[in-house]
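> This is the structure, below, for whatever I ask next.
The values are calculated or read from the model by the stated rules, or taken from the named source; none is laboratory data. Owing to the predicted nature of the structure, the values given are computational and were not obtained by experimental measurement. Using ideal geometry, Cβ is built from the backbone for each residue, glycine included, and neighbour counts are taken over all protein chains shown. Just the protein is used for accessible areas: all its heavy atoms, side chains included, with ligands, DNA and RNA removed. Shrake-Rupley method; radii C 1.70, N 1.55, O 1.52, S 1.80 Å.
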Amino acid sequence: MTDDLGQLYQEVILEHSKAPRNYRKPESANREAEGYNPLCGDRCTVFLDVEGDAIKDIGFQGSGCAISRASASMMTQSVKGKTKAEAARLFEEFHRLVTGDEKAIASAQDLGKLAVFAGVSKFPARVKCATLAWHTLQSALENKHEPVSTEE
Amino acid sequence: MSTAAYRTGLGPAALDVERIRRDFPILDQTIHGKKLVYLDNAATSQKPRAVIDAIVRYYEHYNSNVHRGVHTLSMRATEAHDEARETVRRFIQAADASEIIFVRGATEAVNLVAQTYGRANVGEGDEVLITAMEHHSNIVPWQILCQEKHARLRVVPINDAGELDLEAFEKLLSPRTRIVAVAHVSNALGTVNPLRKIIQLAHAHDVPVLVDGAQAVPHMAVDVQALGCDFYAFSGHKIYGPTGIGVLYGKEEVLAEMPPYQGGGDMIRSVTFEKTTYNVVPYMFEAGTPDIAGAIGLGVALEYVMGLGIDRVAAHGQDLLAYATEKVGAIDGVRLIGTAQHRAGVLSFVLDNVHPHDLGTILDREGIAIRTGHHCAQPVMDRFGIPATARASFAVYNTKEEIDALVDGIRKAHEVFA
């Protein structure tokens with residue numbers, strides 16, 4: 001595998017893509033949103049149990065490539081228990097990381113496990129795979145009823 | 001590698017692929033340090049030097065507007081544009097060059113027919129008949145028309161191999177059917193449709209047939225008169241020509257009855273604020289300054305294919321497809337999508353445990369370009385219960401060695417995700 005590919009398909013990412021966490025609809029879910037990437041047909045539904053400002057539980061379902069599944073899986077782990085504002089900030093940082101913002105890459109450790117997605121920045125065609133779940137989460141938090149698309 | 005290698009099993013008439021490859025300057029490069037293997041020809045093909053040179057020559061030496069000036073350059077440009085139309089006529093064996101309308105591509109050709117013939121002939125309660133294997137460009141223009149006219153879009157199903165259900169087709173042809181629109185070759189499955197049978201059945205019900213030939217013309221000889229189709233559409237860029245130019249063939253008697261498409265210059269005979277009279281076909285359907293360089297480039301591309309010999313081009317494509325089907329099909333975990341008895345040009349497949357996008361990324365790092373996704377044929381993906389496929393598609397410059405490289409790349413992807 002070339003170095004770039006190794007950076008993209010890190011062991012953690014492969015492992016999450018094969019066995020995604022929180023791949024379910026929580027019984028307590030009170031919000032959900034659908035995400036869709038019309039360019040490739042990837043779909044993602046994010047379910048939330050939101051109480052006040054807190055994300056008490058989160059799950060997702062859908063179909064997509066390894067990057068989009070792993071990203072969705074790890075996203076659910078990192079935002080569970082966070083406030084809405086904290087989740088939004090995390091998405092902002094994550095987005096900057098995968099689009100190759102140097103400052104974001106330098107401070108990637110703040111993103112915890114999500115830092116493994118830094119390799120995506122070398123593959124611009126795959127940024128949307130990595131951010132589909134996050135866009136969908138944002139839509140669920142904003143309680144939008146229209147499916148969110150990566151092309152908006 | 002020796003030329004003889006390509007000729008094995010094909011006899012002395014086979015294409016000299018090594019020589020052909022030298023005609024396509026873009027092929028001589030590396031991607032991520034690997035020799036470029038371009039297998040995305042169904043999306044767009046590469047252009048031979050002759051086409052690139054013809055476009056440069058036009059802009060450097062006789063760029064001028066057509067049908068307008070009495071000056072020398074305008075006459076030269078007009079002559080070259082007319083010649084290109086005649087080349088297209090010869091290529092698809094149309095009876096007359098006036099049956100060749102230049103458009104932006106197959107998409108615009110279908111839209112033109114839907115918006116002119118369709119709007120004039122499809123009314124409330126009428127039906128438009130398409131198939132389950134159509135590209136979005138042969139679905140959406142008809143949906144727009146049906147919505148406007150309160151007509152019904154009916155869809156002929158396909159079987160698990162990706163072949164058209166002819167029995168169902170016959171049953172769906174009704175007294176309300178106003179037009180049949182069908183792909184010659186499916187872009188997502190490679191299926192070659194039994195056009196003669198389809199056209200014969202439709203005509204027996206007095207229903208005209210539009211054929212989307214975008215994926216067919218690069219791979220087989222097309223004779224629109226022998227087929228008997230009423231319309232035939234294709235794009236230039238998939239057959240070694242430039243982007244932005246395509247062709248709509250229409251039977252003279254059908255075109256003669258059609259209302260105009262876009263209004264503007266060149267499509268008129270005379271204009272006053274009270275009344276406009278229209279130009280003759282094909283100009284009536286070509287409002288505005290056309291893509292002159294594009295048409296000239298397309299003419300040269302078709303000459304190039306005819307120079308190679310369309311039968312030899314077809315045989316080469318079949319040889320590559322058979323080889324790829326065997327080699328890719330033999331890889332553990334590969335499922336071919338589209339296993340029709342008659343196929344051309346494309347090999348669509350999915351892999352256990354590897355999503356097509358991940359495969360596409362891994363192959364790209366090996367210098368191999370394929371298409372991954374729904375191929376603008378989402379109903380086909382739904383039919384097979386998959387979100388996407390990987391698609392390798394072939395051209396005159398592809399070799400069996402390149403298919404071997406694809407097979408190695410697929411195995412590598414399997415290792416990554418093992």
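> What shape does the range B:52-306 have by the C-alpha gyration tensor, where a ≥ b ≥ c are the square roots of the eigenvalues, rounded means a/c under 1.5, and otherwise prolate means a/b greater than b/c and oblate the rest?
oblate
> Rg to Rh ratio, the protein assembly as shown, alpha-carbon atoms and Kirkwood radius?
For the protein assembly as shown, the value is 1.01.
> Non-local amide H neighbours of residue B:246 (under 5 Å, H modeled in plane, Pro and chain starts lacking H): which ones?
Residues meeting the amide H criterion: B:103, B:104, B:105, B:236.
> Net charge within 13 Å of residue B:372 by Cβ-Cβ distance, Lys/Arg positive one each and Asp/Glu negative one each, not counting residue B:372 itself?
Overall, the nearby charge balance is -1.
> Something else: If you find the alpha carbon centre of the range B:340-365 and of the range B:370-388, how far apart are they in angstrom?
11 Å
> Right, another one. Over 31 Å between Cα atoms, which of A:56/A:128; B:197/B:400; A:82/A:103 qualify?
Listed pairs above 31 Å: B:197/B:400.
> Return the sequence-ordered ³J(HN,Hα) values of the range B:338-355 in whole Hz as given by the Karplus equation 6.51 cos²θ - 1.76 cosθ + 1.60 applied to θ = phi - 60°, using x for Gly and Pro.
Those phi angles translate into x, 10, 4, 4, 10, 10, 8, x, 10, 10, 9, 7, 10, 10, 4, 6, 10, 6 Hz.
> To continue, here is another question. Stokes-Einstein diffusion coefficient for the range B:317-418 at 10 °C in a medium of 1.306 mPa s, Rh from the Kirkwood formula over Cα pairs: what value in µm²/s?
So the translational diffusion coefficient is about 116 µm²/s.
> Taking each residue in A:64-75, count the Cβ atoms of any other chain within 10 Å of its Cβ, then average. What number comes out?
That works out to 3 on average.
> A further question on this structure: Please identify every one of the GluC sites (Glu not before Pro) in the range B:55-135 that sits in a loop by DSSP and has no more than 12 other beta carbons within 10 Å of its own beta carbon.
B:124
> Excluding ligands, DNA and RNA, what is the accessible area buried between chains A and B, summed over both sides, using a 1.4 Å probe, to the nearest 100 Å²?
1400 Å²
> Residues with amide H under 5 Å of residue B:179's amide H, sequence separation 5 or more or different chain, H placed in the peptide plane at 1.01 Å from N; which?
Answer set, sorted by chain and number: B:129.
> Give me the accessible area per residue for the range A:3-142, probe 1.4 Å, as a whole number in Å².
On a per-residue basis, the range A:3-142 sits at 43 Å².
> Name the residues whose placed amide hydrogens come within less than 5 Å of the amide hydrogen of residue A:45, ignoring near sequence neighbours (fewer than 5 apart) on the same chain.
Here the answer is A:35, A:61, A:62, since their amide H atoms fall under 5 Å of that of residue A:45.
> Ignoring ligands and nucleic acids, what accessible area does residue A:82 show with a 1.4 Å probe (Å², nearest 10)?
Estimated to the nearest 10 Å², residue A:82 gives 70 Å².
> Still on this structure, please answer the following. For the range B:354-378, which residues drop by 20 square angstrom or more in accessible area between the chain on its own and all protein chains together (1.4 Å probe)?
Checking the loss per residue gives B:355, B:357, B:358, B:361, B:362, B:365, B:374, B:378.
> Below 8 Å, C-alpha to C-alpha, sequence gap of six or more: please give me the relative contact order for the range A:3-142 in percent.
Value for the range A:3-142: 29 percent.
> With equal scatterers on the alpha carbons only and no solvent term, can you work out the Debye log10 of I(q)/I(0) for the range B:210-331 at 0.12, 0.13 1/Å?
With one equal scatterer per Cα and no solvent, log10 I(q)/I(0) is -0.59, -0.67.
> Over what distance in Å are the Cα centres of the range A:50-96 and the range B:48-82 separated?
Cα centres, the range A:50-96 to the range B:48-82: 58 Å.
> Testing the spin-label approximation: label points 7 Å from Cα along Cα→Cβ at residue A:25 and residue B:415. State their distance in nm.
About 4.2 nm, to one decimal.
> For the range A:45-52, what does the Karplus curve 6.51 cos²θ - 1.76 cosθ + 1.60, with θ = phi - 60°, yield as ³J(HN,Hα) per residue in whole Hz, taken in order and with x for Gly and Pro?
With the stated coefficients, the range A:45-52 comes to 10, 10, 10, 10, 10, 9, 10, x Hz.
> By the gyration tensor of its Cα atoms, with a ≥ b ≥ c the square roots of the eigenvalues, what is the shape of the range B:150-257: rounded for a/c under 1.5, prolate for a/b over b/c, or oblate?
Oblate, since a/c reaches 1.5 and b/c is not below a/b.
> Read phi for every residue in the range B:80-94 and hand back ³J(HN,Hα) as whole Hz from Karplus 6.51 cos²θ - 1.76 cosθ + 1.60, θ = phi - 60°, with x for Gly and Pro.
5, 5, 4, 4, 4, 5, 5, 4, 4, 4, 4, 4, 9, 6, 6
> What is the sum of charges around residue B:384, taking Lys and Arg as +1, Asp and Glu as -1, for the other residues whose C-beta is under 14 Å from the C-beta of residue B:384?
Charge balance near residue B:384 sits at 0.
> Can you give the FRET efficiency to the nearest 0.05 for residue B:152 and residue B:315, using r as the Cβ-Cβ distance and R₀ = 51 Å?
Plugging the Cβ-Cβ distance into 1/(1 + (r/R0)^6) gives 0.75.
> Find the all-direction average of the projected area of the Cα convex hull for the range B:184-243, expressing the result in square nanometres with one decimal place.
Its average projected convex-hull area is 4.3 nm².
> Rank these residues by their accessible area, most exposed first, probe 1.4 Å: B:375, B:135.
From most accessible down to least: B:135, B:375.
> May I ask you to order B:161-173, B:392-404 by the average number of other C-beta atoms within 10 Å around their residues, highest value first?
Highest mean packing first, the order is B:392-404, B:161-173.
> When the convex hull of the Cα atoms of the range B:23-140 is projected onto a plane and the area is averaged over all directions, what value comes out in nm²?
For the range B:23-140, averaging the hull's shadow over all directions gives 12.0 nm².
> Something else now. First compute the accessible area of the range B:52-306 with a 1.4 Å probe, then give the percent of it belonging to carbon and sulfur atoms.
That share works out to 49 percent.
> Note down the net charge around residue B:401, summing +1 for each Lys or Arg and -1 for each Asp or Glu among other residues with Cβ under 12 Å from its Cβ.
So the surrounding residues net to 0.
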